[in-house]
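K.L.:
Shown below is the structure under consideration.
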Protein chains: 2
Amino acid sequence: MSGETDKTVLGALRHLIHHGPLSRPELGTALGLSRATTSPIINDLMRRGLVSELSTTPQGQRGRPVALLDLDDERYAVTGLEIGSDRVLAGVYSLRGRQLLRIERSATPDAVNPRGLLRHAAAVLHEALDVLDQEGRELLGVGVSVAGLVDATSGTIKYAPTLGWRDVALQAGVAEALGGRAPVLLDNDANLAALAELRRRRRDGLPTTSLVYLTGTYGISAGIIAGGQLWRGERGLAGEVGHLIVEAEGRKCVCGRRGCLDTRAGLSAIIATCLENASTPRRAGRTPIGISAGVEEIASRAQSGDAGVLEALADAGAWLGRGAALVCAMLDPRTVILGGHYARLAPWLLAPARESFRRALLMPAPEYEQLEVSGLDAWAAAEGSALAALLALADGISPLP
Amino acid sequence: MSGETDKTVLGALRHLIHHGPLSRPELGTALGLSRATTSPIINDLMRRGLVSELSTTPQGQRGRPVALLDLDDERYAVTGLEIGSDRVLAGVYSLRGRQLLRIERSATPDAVNPRGLLRHAAAVLHEALDVLDQEGRELLGVGVSVAGLVDATSGTIKYAPTLGWRDVALQAGVAEALGGRAPVLLDNDANLAALAELRRRRRDGLPTTSLVYLTGTYGISAGIIAGGQLWRGERGLAGEVGHLIVEAEGRKCVCGRRGCLDTRAGLSAIIATCLENASTPRRAGRTPIGISAGVEEIASRAQSGDAGVLEALADAGAWLGRGAALVCAMLDPRTVILGGHYARLAPWLLAPARESFRRALLMPAPEYEQLEVSGLDAWAAAEGSALAALLALADGISPLP
């Protein structure tokens, strides 16, 4: 196959990932190609098992069913791995983004070093591969998500404050654990979750020109979609919203500085403040609590009406709203989306966040419902990682099957 | 001419604005067109007088001169008008961006109302038109720049804090003053200055994937270039860096809130603080000083070593550096550029700004010289406004001559 054909095949694949399902003429028009040129491209993708044709009757219409092209949902899988300080998540997805399998493994605080977490990651990956082998599905790629500053080109974590890591070649480590069975890529959790949010919104017909997805997992980090594209920053370091300094003489942050937004509205800070303020204290002598367990604990205390916890959550929500307003003053996105565990805590965070958000905006526009909760759960980054592994095929980074 | 030809003609014009001068084969390749298809497009643009062919010998090479296409620099002009609280600037430029004429008119503080400033604007425009008529140049468009939140689509100023204006249909006002002689467009000064900076850097062969241009005229506002494109925000409100709240209990801002960056590092604040701290006070009873005059006054005091002024400038520089670091944490641009009057005050602002900038960055990278001073002067927004008027032709917004 010539280089040029390759490029149009990749373009067609990319378009179907973002905009499928489509009829053959719709795909041809979008690619600016004639019917005669489109046909061999589609045949190529179908022969590879990446695309299949489904017969469907258009909604609310009678008559002949229409053949639509979409990604094939049966033959392949992509996997998203999220590596965090308290757990490793592996989500296995079909090419259309259906979750086929989810594996969660808690990490003990003493194992929060690259070798310990890589062991966990290797274990969940092999568990996932076993299931895929049994089902006869082929793995096309693995995306790895981590909360921190990532150099996606070299596959290195430059700095992950919540893990305390600097310059860790995580992509190579996961690739080794995988034994070369599929290509591996690494990116920041916020970028990856924003990709998942973007696909979800596209498929739901919501506006997607611009959005900022705020992670609510470890630190607060932003995935920025501007002009319909992910903006990673010149060095891949865009979106470090958790480390915006919001108080001149603020609390000490894990990054070594003072007054970062994370010290007020990051989940570690929220959990710590809630538990300090709780009317019934935690039993003494218990081990430090991880993020996911901590979120469940404060959610259950909030549910039961613990006044100290409710107050702490309202305060955190107000800081979160101020942080979201900083994002808007800078970027003016269509929507700021509270993701990850913020969705779980939304019943108590969202109202105070929205109130302080509107107060801190320079030009509040009631017609823009700008502070929203993600429809994706704490698996957003894993889902986005799997999607990024799929997009790597269309971008010519990973080889087509 | 068919609609399709029109589109390719506009595409060729746009490419020459951004990347000219180019040889015919270079232009054809960039547009993905054959030699046969490119020729009539070029002929069309030459017949309209928008493009001319110049014969040049490639640098450092011998032999036959090469014919290069570029925008014609003789027949037409575009004008940029900057309307501020203390002055109206009109810059007349050739299509290649050569400044042909500059007119500056001070506004008295009592005339800072839409009608008063429009009168000034009309006067400088007519002065410019007279010169163009004498020279036999035709005006292709006028871009109008204002510091504030602008709805470019409707040509309305939504909110200009330094002018105290809300919902002013400025574009229509200027168009009326111009008597329909050329199309008029309106945009925010930061966006327009960033466009001028982008063209300057492209022509100088500097990297232009991403940059943030901070205006130093009235409030601090950012023109954001991401992925080589201007990001205006979903509602055109991106880049309100001056209204990032940087202090919880800060100084009162003209926008009605407290603690905005403008109250520390905006030029009004800098001038006021410098004059308060000056070792020899200003003569009492003098009228309030405008921005441009104020900048000259504090520059001359700093030059003569006034310790109070130097201290105030260093303090403002430190705040400016912190503001630039907020921009970087959010966007990770290749460069943050201090524009407008900041360039004039750079001898005293830049060192403290760079120091606090590096301290406030999460990941300082010495290889990135990220905080720079613009090569453009306080006329950047006027130059960008004229460029925007030219780009409006290529975007099909204004009619081709």
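The values are calculated or read from the model by the stated rules, or taken from the named source; none is laboratory data. Since this is a predicted model, take the numbers as computed values, not measurements. Because the Cβ atoms are built from the backbone with ideal geometry, glycine has one as well, and the counts that use them run over all protein chains shown. Remember, those area values only see protein heavy atoms, side chains included, never the ligands or the DNA or RNA. Shrake-Rupley method; radii C 1.70, N 1.55, O 1.52, S 1.80 Å.
K.L.:
What figure in square angstrom, to the nearest 10, would you give for the accessible area of A:Leu237 with a 1.4 Å probe?
P.N.:
Answer for A:Leu237: close to 20 Å² accessible.
K.L.:
Within the set of other residues whose C-beta is less than 14 Å from the C-beta of A:Arg251, count the net charge using Lys and Arg as +1 and Asp and Glu as -1.
P.N.:
Working: positive: A:Lys252, A:Arg257, A:Arg258, A:Arg264; negative: A:Glu247, A:Glu249, A:Asp262, A:Glu276, A:Asp315.
Local net charge: -1.
K.L.:
Identify, among B:Leu326, B:Gly266, B:Ala302, the residue whose Cα sits farthest towards the positive end of the charge dipole of chain B, taking +1 on the Cβ of Lys and Arg and -1 on the Cβ of Asp and Glu, with the dipole about the Cα centre.
P.N.:
Checking the options against the dipole of chain B, the answer is B:Leu326.
K.L.:
I would also like to ask the following. Mind listing the phi-derived Karplus ³J(HN,Hα) values for segment B:386-393, rounded to whole Hz, using 6.51, -1.76 and 1.60 with θ = phi - 60°, and x for any glycine or proline?
P.N.:
With coefficients 6.51, -1.76 and 1.60, one gets 5, 4, 4, 5, 6, 4, 4, 5 Hz.
K.L.:
A follow-up question, please. When you look at the Cβ of every residue in A:210-219, what mean number of other chain Cβ atoms sits within 10 Å? List each step's numbers first, then the result.
P.N.:
Working: counts 5, 1, 1, 0, 0, 0, 0, 0, 0, 0.
Mean number of neighbouring Cβ atoms from other chains: 1.
K.L.:
Quick one: if you stick a label point 7 Å off each Cα along the C-beta vector at A:Arg358 and B:Ala36, how many nm between them?
P.N.:
6.4 nm
K.L.:
Ok, one more. Short version: ³J(HN,Hα) in whole Hz for each residue of segment A:213-228, in order, from phi by Karplus 6.51 cos²θ - 1.76 cosθ + 1.60 (θ = phi - 60°), x for Gly and Pro, what are they?
P.N.:
9, 9, 6, x, 10, 9, x, 7, 9, 10, x, 10, 10, 10, x, x
K.L.:
In terms of modelled amide H atoms, which long-range or inter-chain residues lie less than 5 Å from the amide H of B:Ala147?
P.N.:
Those lying under 5 Å, H to H, from B:Ala147 are B:Asp189.
K.L.:
Taking H as built 1.01 Å from N, whose amide H comes closer than 5 Å to the amide H of A:Trp165, not counting residues under 5 places away?
P.N.:
Amide H neighbours of A:Trp165, under 5 Å, 5+ apart: A:Ala160.
K.L.:
Residue-wise, which Karplus ³J(HN,Hα) couplings in Hz belong to segment B:344-361, taking 6.51 cos²θ - 1.76 cosθ + 1.60, θ = phi - 60°, and x for glycine or proline?
P.N.:
5, 8, 3, x, 10, 8, 5, 4, x, 5, 5, 5, 5, 4, 5, 5, 8, 6
K.L.:
Let me ask you something else. Could you tell me which of A:Trp231, A:Ile291, A:Gln134 has its Cα farthest along the dipole of chain A towards the positive end, charges placed at Cβ (Lys, Arg +1; Asp, Glu -1), taken about the Cα centre?
P.N.:
Farthest towards the positive end: A:Trp231.
K.L.:
Which distances, shortest first and in nm, link B:Ser55 to the matching position in the other copies, using label points set 7 Å out along Cα to C-beta?
P.N.:
Listed shortest first, these distances are 6.9 nm.
K.L.:
Amide H neighbours of B:Gly233 under 5 Å, counting only residues 5+ apart in sequence or on other chains, H built in-plane at 1.01 Å?
P.N.:
B:Ala238
K.L.:
So which residue, out of A:Gly173, A:Gly136, A:Gly321, gets the largest mean-square fluctuation from a GNM of chain A using Cα contacts under 10 Å as springs?
P.N.:
Result for chain A, Cα springs under 10 Å: A:Gly136 fluctuates most.
K.L.:
I would also like to ask the following. Report the residue, chosen from B:Asp133, B:Asp262, B:Asp306, that carries the largest GNM mean-square fluctuation when chain B is represented by alpha-carbon nodes joined by springs under 10 Å.
P.N.:
Greatest mean-square fluctuation among the candidates belongs to B:Asp133.
K.L.:
Is the shape of segment A:93-223 best called rounded, prolate or oblate, per the rule: a/c under 1.5 gives rounded, else a/b larger than b/c gives prolate, else oblate, with a ≥ b ≥ c the square roots of the Cα gyration tensor eigenvalues? Before the final figure, lay out each step's value.
P.N.:
Working: a/c = 1.78, a/b = 1.08, b/c = 1.64.
Verdict is oblate for segment A:93-223.
K.L.:
So, one more: State, in square angstrom and to the nearest 100, the accessible area buried between chains A and B, both chains counted, probe radius 1.4 Å.
P.N.:
Values: alone 18020 and 18000 Å², together 32460 Å².
Roughly 3600 Å² of accessible surface disappears when A and B pair.
K.L.:
Which distances, in nm and shortest first, link the A:Pro364 label point to the same label point in every other copy, taking 7 Å along Cα→Cβ?
P.N.:
3.9
K.L.:
Using protein chains only and a probe of 1.4 angstrom, how many square angstrom of A:Asp204 are accessible, to the nearest 10?
P.N.:
Number for this one is 100 Å².
K.L.:
Can I ask one more? Mind checking the mean number of beta-carbon atoms from other chains within 10 Å of the Cβ atoms in B:225-231? If you can, show how the numbers build up before the last one.
P.N.:
Values: counts 0, 10, 6, 0, 3, 1, 8.
The mean count of partner-chain Cβ atoms within 10 Å per residue comes to 4.
K.L.:
Here's a follow-up. Return the percentage of antiparallel bridges among DSSP beta bridges fully within segment A:112-207, rounded to the nearest 5 %. Walk me through the numbers before you get to the answer.
P.N.:
Working: 6 of 11 bridges.
Given both bridge residues lie in segment A:112-207, the antiparallel proportion sits at roughly 55 percent.
K.L.:
Taking B:Gly375 in one copy and the same position in all the others, each labelled 7 Å out along Cα→Cβ, what are the pairwise distances from the first, in nm, shortest first?
P.N.:
Spacings between copies for this position, smallest first, are 4.8 nm.
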